[in-house]
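> Just dropping this structure here.
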Amino acid sequence: MDLDAYTGAHSSDWDELDALSRRRRFTGAEADRLVELYQSGATQLSSLKSSSGTTPTSERLSLTLSRSRLRFTGAGRNLASQVPGFFLLQLPAALYRVRWLSLVVAGVTAVVAVLFGVWAATNPAVLATFGTPEFRRQFATRDFVDYYSNNPPSSFTGQVWTNNAFIAAQAVAFGITGIYPAYLLLTNAQNVGLSAGVLADEGRLKYFFLYIAPHGQLELYSLFVSMAAGLLIFWSWIAPGARTRGQALAEDGRALITIAVGLILSLLVSGVIEGFVTRQPWPWPIKIGIGTVALALFLAYQWIVGGRAHRAGQTGDLDEFEAGARRLVAG
């Protein structure tokens, strides 16, 4: 986009919007004109940010839009009114941005876990680091299965939910280091692989998959998403493009941190499945099917709802809500 040409084509409308936003009283026609210019200006701001990032021109337009919004919405927006926009635009758009990287993280984790599991199951020295033969046998035949039913469902659900949500939030928040998400990826894969190797050594590998599958599908993918978000924040600092590193980090960090909020909810669902479903004496296809449906709904939200929000101009940034909402309704 030629920024100067684009500014020249729309500057008269922006000046008119700025003048209207400073008026105390409006006629009916002036109020309609204010809303019309505000809507077109929001779309134009989204285009400016998409093509050129944060510039003095986009900052001035953003300030004009903010002042204009106050003229017909009041001093603030009710928090409840922002909830639909968050779940229909901001959150899915942010999840959509990390869709491919989430799959890469999942793939790398699977490869590392399989390699480590095979290495552990075929190498007595590695198994010995897990404990004595008696300890490993008890873990494989009793402790691994009993873990899911030793505590009441509600307290167990709360325990695993808060633990996983804390890990996911850390992966996003500390993603700027680039090291912490990678550390979580490798340690998570190592722990999964070692546990599988111990059960395989005792001839009980099928129980590893049966007890992990109901809740693990959504739980593990949610953690993969958190690691992907953290790595993307790190990459925005390393390769900011046309933006300064500070601008890139602020914009992408503000957008992607919303993922941590969404993952709190997805990990609550996986925690409920782990606490209430895994222990049930139901046929395994039913329990695993519940986990599969939960994961499928999350993927549909990320790829389908997120794709629609992305096409509406959203990246997960609050500043683009108005333009994205208008496009979503229209399209």
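The values are calculated or read from the model by the stated rules, or taken from the named source; none is laboratory data. Because the structure is a prediction, the values reported are computed rather than measured. FYI the Cβ positions are ideal-geometry reconstructions off the backbone, even for glycines, and counts take in every protein chain you see. Areas reflect the complete protein model, heavy atoms only, side chains present, ligands, DNA and RNA absent. Shrake-Rupley method; radii C 1.70, N 1.55, O 1.52, S 1.80 Å.
> Give me log10 I(q)/I(0) at q = 0.20, 0.21 Å⁻¹ for region 130-231, Debye formula, one equal scatterer per alpha-carbon, no solvent.
Each listed q corresponds, in turn, to -1.08, -1.13.
> 5 Å is the cut-off here: which amide hydrogens, built 1.01 Å from N in the peptide plane, fall below it relative to TYR147, excluding neighbours closer than 5 in sequence?
Answer set, sorted by chain and number: none.
> Picking from ALA93, ALA42, ALA309, which is most flexible by a Gaussian network model of the chain using Cα springs under 10 Å?
Comparing ALA93, ALA42, ALA309 in the GNM, the peak value goes to ALA42.
> State the percentage of accessible surface on region 1-44 attributable to carbon and sulfur atoms; use a 1.4 Å probe and exclude ligands, DNA and RNA.
That share works out to 48 percent.
> Viscosity 1.306 mPa s, temperature 10 °C: give me the Stokes-Einstein translational D for region 219-316 in µm²/s, with Rh taken as the Kirkwood radius over C-alpha pairs.
Diffusion coefficient, whole number: 103 µm²/s.
> Follow-up question, since we're still on this one. Once R0 is set to 51 Å, what does the formula 1/(1 + (r/R0)^6) return for the Cβ-Cβ distance between VAL35 and GLN138, expressed as a FRET efficiency to the nearest 0.05?
E(calc), rounded to 0.05, equals 0.15.
> By its C-alpha gyration tensor, with a ≥ b ≥ c as the square roots of the eigenvalues, how is region 43-187 shaped: rounded for a/c under 1.5, else prolate for a/b larger than b/c, else oblate?
On the way: a/c = 4.22, a/b = 2.20, b/c = 1.92.
It is prolate, given that a/c is not under 1.5 and a/b is the larger ratio.
> While we're looking at this one, here's another question. Could the peptides 206-217, 147-158, 248-259, 123-134 be put in order, highest first, of the mean number of other beta-carbon atoms found within 10 Å of their residues?
Per-residue Cβ counts within 10 Å, averaged per peptide and sorted highest first, yield 248-259, 206-217, 147-158, 123-134.
> Any idea how far apart LYS206 and SER51 come out in nm if each label point goes 7 Å out from Cα toward Cβ?
6.2
> Can you pull the accessible area of TRP119 for me, 1.4 Å probe, Å² to the nearest 10?
Only protein atoms counted, so the area is about 130 Å².
> Right, something else. Can you compute the charge dipole magnitude of the chain about its Cα centre, using +1 on each Lys and Arg Cβ and -1 on each Asp and Glu Cβ, nothing else charged? Give it in debye, rounded to the nearest 20.
400
> Okay, helix-only estimate at 222 nm for the chain: each DSSP H run of n ≥ 4 adds -39500 (n - 2.57), divide by all residues, round to 500 deg cm²/dmol; what do you get?
After summing the helix terms and dividing by residue count, I get -24500 deg cm²/dmol.
> If a/c stays under 1.5 just call it rounded; otherwise compare a/b with b/c (prolate if a/b is bigger, oblate if not). Do that for region 87-148, with a ≥ b ≥ c from the square roots of the Cα gyration tensor eigenvalues.
Oblate, because a/c is 1.5 or more while a/b does not exceed b/c.
> Right, here's the next one. Between LEU70 and ILE179, what is 0.36 nm times their sequence separation minus the Cα-Cα distance? Round to one decimal in nm.
Taking LEU70 through ILE179 to full extension adds about 35.0 nm, to one decimal.
> For the chain, what percent of Cα pairs sit more than 24 Å apart? If you can, show how the numbers build up before the last one.
On the way: 34207 of 54615 pairs.
For the chain, the share of Cα pairs beyond 24 Å comes to 63 percent.
> Keeping all protein chains in place, calculate the accessible area per residue for the chain (probe 1.4 angstrom), answer in Å².
With all protein chains present, the chain gives 50 Å² per residue.
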